[in-house]
Number of protein chains: 2
Amino acid sequence: MDKYRVIEVKQSIFADNDQDAERLRQQMKKEKTCLINLMSSPGSGKTTTLTGLINRLKDQLKIGVMEADIDSDVDAGTISKTGVKVIQLHTGGMCHLDADMTRQGVMELETEDLDLVILENVGNLVCPAEFDTGAAMNIMILSVPEGHDKPLKYPLIFQVCDAMIINKIDVLPYFDFDMEKVEEFAHRRNPNLKLFPISAKTGEGMDALASWIKENADAWNGNLT
Amino acid sequence: MDKYRVIEVKQSIFADNDQDAERLRQQMKKEKTCLINLMSSPGSGKTTTLTGLINRLKDQLKIGVMEADIDSDVDAGTISKTGVKVIQLHTGGMCHLDADMTRQGVMELETEDLDLVILENVGNLVCPAEFDTGAAMNIMILSVPEGHDKPLKYPLIFQVCDAMIINKIDVLPYFDFDMEKVEEFAHRRNPNLKLFPISAKTGEGMDALASWIKENADAWNGNLT
């Protein structure tokens, strides 16, 4: 039996997305729930990274996850094994989530008692970056096999994110990926972008990433240590 | 000095895309020019694969390339080194090309005397699949690091393509990528999808892919051997 529900979220054609996003952000702030919007290309390791983060943080924070996908429940099934609250959002073909679709997910997940909610956005480096979901923070993943030139070619996502996770550093020896160049190109787009080189597979770098997320969630929720 | 021009292509809001696509396809058919729409996620190796194909085919076919990107001319610069005719299309933030944007590119490239034109679409597994560009054939690339589960999560692109290139097979030992599963999942979406496992880096499998493209271009152009 599945441990998660599947919700079909619908885009509101007439919505003012920025206004919807701001309203959702304020609501989550009031409820002391930090919403993170996690974006990347397909196959960069969002679900594996998320599983590693949940296992490091679930004893310290009450966590919920919204898995957004065009079709399939593959990721919700994987995440539900960590024991945290998870729902699968189906976008009905849409390539991104907007703020109202995110709000529908938040309502279905029932987030009031949660400290941290992570939205795994649709795998896409382009469209999700254009829509403010109402999240407290945007985090992206770029994986080593994708190449260090991506900040040159997909500028917006680097601009709107607070942090960039560089995943799959365990395969660095097999790819022509220049860590200094990716840092230079990414900071050209966004000088404040925080970088976290990790391997979700081996666990390298995951503790530093988890600590940073914990600190930011605590700050957002007003639990200053 | 750059050997290619940069064109800003604009989306036509009122266009009937399917009609535009059909019109462009018939025009290209009449001119005996085979247009291939190449799609994939960012970083799956479109440009490297394309370079390998051009080097294998440029003595047999007159080739032109349209590089579509949101920003940057990185790929047009790379392709221009092969010596074929190339232009860079900028989509102004758009996540895909539609048929009218493709037509604008075709006009600027001046394709009448070309046998084969390859459109490298914006790196995105979702949106480009929704828009018929007017191409004779759609080809997609899935790279090993992206994972074998992608046909489950991004169904449409597998349905609309004639062939799927599985790139980066040189790194198969370092990833949990199941070749039988990807074939099963992809054929579940599209039983007629032709599969080409390759390594654009080492050249493995590239000759078979080039031959298949040559055969199909010849058939389209009416040059049956």
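Numbers below:
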quantity	calculated
Inter-copy label distances at A:Glu22 (7 Å, Cα→Cβ; nm, one decimal)	4.6
Förster-model FRET efficiency, 25 Å R0, B:Glu8 and B:Lys62, C-beta, rounded to 0.05	0.45
Exposure proxy order (Cβ contacts within 10 Å, fewest to most) of A:Leu152, B:Leu109	A:Leu152, B:Leu109
Restricting the range A:5-87 to trypsin sites (Lys or Arg not before Pro) in coil, as DSSP defines it, with at most 13 other Cβ within 10 Å	A:Lys10, A:Lys81
Structure-based [θ]222 nm, chain B - -39500 (n - 2.57) summed over DSSP H runs of at least 4, per residue, nearest 500	-10500 deg cm²/dmol
Whole-number percent relative contact order across the range B:139-225, with pairs defined as alpha carbons under 8 Å at least 6 apart	30
Rounded if a/c under 1.5, otherwise prolate or oblate - the range A:151-222, Cα gyration tensor axes	oblate
Free-standing Cys residues across the protein assembly as shown, given no other cysteine C-beta under 4.7 angstrom	A:Cys34, A:Cys161, B:Cys34, B:Cys161
Neighbour net charge for B:Gly203 - beta-carbon separation under 12 angstrom, K R +1, D E -1	-1
Listed peptides B:112-121, A:202-211 by packing density, highest first (mean Cβ within 10 Å)	B:112-121, A:202-211
Anisotropy class of the protein assembly as shown from Cα gyration tensor, a/c 1.5 cut	prolate
For the A-to-B rotation axis, chain A residue with nearest beta carbon and its distance in angstrom	A:Pro145, 2
Computed over the range B:1-87: relative contact order in percent, which uses C-alpha pairs under 8 Å that are six or more apart	40
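Rule-based calculations on the coordinates, nothing more; no lab input. Quick caveat, the model's predicted, so the values are computed rather than measured. A quick note on method: Cβ atoms are made from the backbone with ideal geometry, for glycine too, and the neighbour counts reach across all protein chains shown.
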